[in-house]
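A.B. asks: Provided herewith is a single structure, encoded as structure tokens, for subsequent inquiry.
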Amino acid sequence: MHEFTVVRSLLEQVDRIVAEQGGGDIEEIRIRCGDFSGVEPNLVAEAFELLRVGSRWQETRLRVEVEPLIARCESCGTTFEPDRFRFRCPACGAPTVREVSGDRVILESITLRTADRPPQQESH
């Protein structure tokens, strides 16, 4: 199950971002999993649940939003949701379409719970 690798990579990315923001406890992570990303949202949630047990992620919630696959016809510009992953424009019938969204896993947001820090004193 490659979802474990996806979750580990996600947690590494979150760690880097949190460190850049000065730290804090991670309350919630929100991601979007595209229908065409090759990642199963339920398996991502399961992998996260298993990886967080006994770790610093124990109190962190993972919210997974499923993003539908959206495509755009290169010929006529129609944007549509492919039916059964059939990549043919419903408006003009052209097979020249490309994915616009729903083909990746995206870190949407991180919610931090920061400890109150005393004001720093300046020395003159």
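A.B. asks: Counting only residues that are closer than 15 Å to residue 109 by Cβ, of a type in the set (S, T, N, Q) and assigned to a helix (DSSP H, G or I), how many does the stretch 1-21 have?
C.D. replies: 1
A.B. asks: Looking only at the stretch 53-64, count how many residues are out of contact with any helix residue (DSSP H, G or I) (no Cβ under 8 Å at 6 or more places or on another chain) and either more than 23 Å from residue 23 (Cα to Cα) or of a type in the set (S, T, N, Q) (or both).
C.D. replies: First, pick out the residues of the stretch 53-64 that are out of contact with any helix residue (DSSP H, G or I) (no Cβ under 8 Å at 6 or more places or on another chain): 53-56, 59, 61, 63.
From what's left, either more than 23 Å from residue 23 (Cα to Cα) or of a type in the set (S, T, N, Q) (or both): 55.
Result for the stretch 53-64: 1.
A.B. asks: Spot the failing condition for residue 109; the list is (1) more than 30 Å from residue 22 (Cβ to Cβ); (2) in a strand (DSSP E or B), and only one is missed.
C.D. replies: Every listed condition holds for residue 109 apart from (1).
A.B. asks: Among the candidates 63, 72, 32, 98, which residue alone is closer than 15 Å to residue 9 by Cα, in contact with a strand residue (DSSP E or B) (Cβ under 7 Å, 6 or more places away or on another chain) and either part of a strand (DSSP E or B) or modelled with pLDDT under 95 (or both)?
C.D. replies: Exactly one of 63, 72, 32, 98 is closer than 15 Å to residue 9 by Cα, in contact with a strand residue (DSSP E or B) (Cβ under 7 Å, 6 or more places away or on another chain) and either part of a strand (DSSP E or B) or modelled with pLDDT under 95 (or both), namely 32.
A.B. asks: Now a separate question. Checking the conditions here, which among 9, 37 is among the polar types (S, T, N, Q) and either surrounded by 15 or more Cβ atoms within 10 Å (Cβ to Cβ) or farther than 17 Å from residue 61 by Cα (or both)? Can you show your working first?
C.D. replies: Numbers: 9 fails: either surrounded by 15 or more Cβ atoms within 10 Å (Cβ to Cβ) or farther than 17 Å from residue 61 by Cα (or both).
The conditions single out 37.
A.B. asks: Look through the stretch 18-34, keep the residues that are surrounded by 18 or more Cβ atoms within 10 Å (Cβ to Cβ) and among the aliphatic types (A, V, I, L, M), and return whichever of them is nearest to residue 64 (Cα to Cα). Break it down stepwise before answering.
C.D. replies: So in the stretch 18-34, the residues surrounded by 18 or more Cβ atoms within 10 Å (Cβ to Cβ) come out as 26, 29, 31-34.
Within this subset, residues satisfying the condition of being among the aliphatic types (A, V, I, L, M) are 26, 29, 31.
Values: 26: 16, 29: 9, 31: 5 Å.
So, considering only residues that are surrounded by 18 or more Cβ atoms within 10 Å (Cβ to Cβ) and among the aliphatic types (A, V, I, L, M), the one nearest to residue 64 (Cα to Cα) is 31.
A.B. asks: Being in contact with a Lys or Arg (Cβ under 9 Å, 6 or more places away or on another chain), within 24 Å of residue 40 (Cβ to Cβ) and free of Cβ contacts under 8 Å to residues at least 40 places away in the same chain is the filter here, so list the residues in the stretch 64-79 that pass it. Lay out the reasoning, then the answer.
C.D. replies: Taking the stretch 64-79 as the starting set, the residues that turn out to be in contact with a Lys or Arg (Cβ under 9 Å, 6 or more places away or on another chain) are 64-67, 71-74, 78-79.
Among the residues that remain, those that are also within 24 Å of residue 40 (Cβ to Cβ) are: 64-67, 71.
Hits for the stretch 64-79 are 64, 66, 67, 71.
A.B. asks: Considering the stretch 35-58 alone, what residues qualify as being in a helix (DSSP H, G or I), touching a residue at least 40 places away in the same chain (Cβ under 8 Å) and not aliphatic (A, V, I, L, M)?
C.D. replies: 46, 48
A.B. asks: Would you confirm, using the coordinates I've provided, whether residue 32 is among the basic types (Lys, Arg) and within 14 Å of the chain's Cα centre (by Cα)? Break it down into steps so the answer makes sense when it comes.
C.D. replies: Details: among the basic types (Lys, Arg): yes; within 14 Å of the chain's Cα centre (by Cα): yes.
Yes: the conditions hold for residue 32.
A.B. asks: Just checking, how many residues over the stretch 32-62 are of a type in the set (Lys, Arg) and under 30 Å from residue 82 (Cα atoms)? Reasoning before the result, please.
C.D. replies: Taking the stretch 32-62 and keeping what is of a type in the set (Lys, Arg), we get 32, 52, 56, 61.
If we keep only those that are under 30 Å from residue 82 (Cα atoms) too, we end up with 32.
Within the stretch 32-62, residues that are of a type in the set (Lys, Arg) and under 30 Å from residue 82 (Cα atoms) number 1.
The values are calculated or read from the model by the stated rules, or taken from the named source; none is laboratory data. The shown structure was predicted, so the numbers you read here are calculated from the model rather than taken from an experiment. Using ideal geometry, Cβ is built from the backbone for each residue, glycine included, and neighbour counts are taken over all protein chains shown.
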